[in-house]
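All of the numbers you see were taken from the coordinates with simple rules; none came from a lab. Computed from a predicted model, the values in this text were never measured in an experiment. Because the Cβ atoms are built from the backbone with ideal geometry, glycine has one as well, and the counts that use them run over all protein chains shown.
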Amino acid sequence: MTPFGRKLRHLREAKGRTLKDLARALKVSSAYLSALEHGHRGKPSAGLVQQVAAYFNLAWEEVDEMRALADISDPGVSLDTAGLAPEATELANVLAKRIGTLDDETISELLRVLKLRSPQ
């Protein structure tokens, strides 16, 4: 599941909507929405994010959150470490090989450290 997919499912369930209801309103297939929620599809287009925001009548802050979540919801992410330090390439490769074996606590801790040290 991607961050966007998790939020979409939360909104949908909180409003008591089925995948079919939402798919019909957005003019997409319920299979597409299911794949989006489960992280089996790439990040959603800006247009779809806007449609979701309008459908759920989201406030500006929530729309911004949905856009940000969409930006970090590409399940097929790739990294180009050309020109970076050798350690950056090593980190990218180790993470790529081990991401599927990390538990939730470790992932949360890695995210916390990376976000803490990221430029604002």
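Springs between alpha-carbon atoms under 10 Å, Gaussian network over the chain: tell me which of 72, 99, 107 tops the mean-square fluctuations. Checking each option, the largest mean-square fluctuation is seen for 107. Under the simplified labelling scheme, the residue 6-residue 82 pair shows an inter-label distance of 3.4 nm, with each label point 7 Å from Cα along Cα→Cβ.
Pairs of Cα atoms nearer than 8 Å and 6+ residues apart set the relative contact order; for the chain it is 25 percent.
Highest mobility in the GNM of the chain, judged by mean-square fluctuation with C-alpha springs under 10 Å and restricted to 97, 43, 27, is found for 97. Pairs of lysine residues in the chain that meet both criteria, 8 or more places apart or on different chains and Cα atoms under 29 Å apart, total 13.
Distance between the 7 Å Cα→Cβ label points at residue 25 and residue 71: 2.6 nm.
Between residue 89 and residue 38, the C-beta separation translates, for a Förster distance of 30 Å, into a calculated FRET efficiency of about 0.45. The mean of 1/r over all pairs of different alpha-carbon atoms in the chain, once inverted, gives a Kirkwood hydrodynamic radius of 16.1 Å.
Set the Förster radius R0 to 25 Å, insert the Cβ-Cβ distance between residue 13 and residue 112 as r into 1/(1 + (r/R0)^6), and round the FRET efficiency to 0.05. Computed FRET efficiency for residue 13 and residue 112 comes out at 0.40. For segment 23-86, the fraction of C-alpha pairs more than 13 angstrom apart is 68%. Taking the Cβ-Cβ separation of residue 105 and residue 63 as r and a Förster radius of 35 Å, what is the calculated FRET efficiency to the nearest 0.05? Step by step, r from the Cβ atoms, then E = 0.65. With springs only between Cα atoms under 10 Å, which of 80, 64, 103 fluctuates most in a Gaussian network model of the chain? Greatest mean-square fluctuation among the candidates belongs to 103. Each Lys or Arg adds one and each Asp or Glu subtracts one; over the other residues with Cβ under 12 Å from the Cβ of residue 58, this totals -1.
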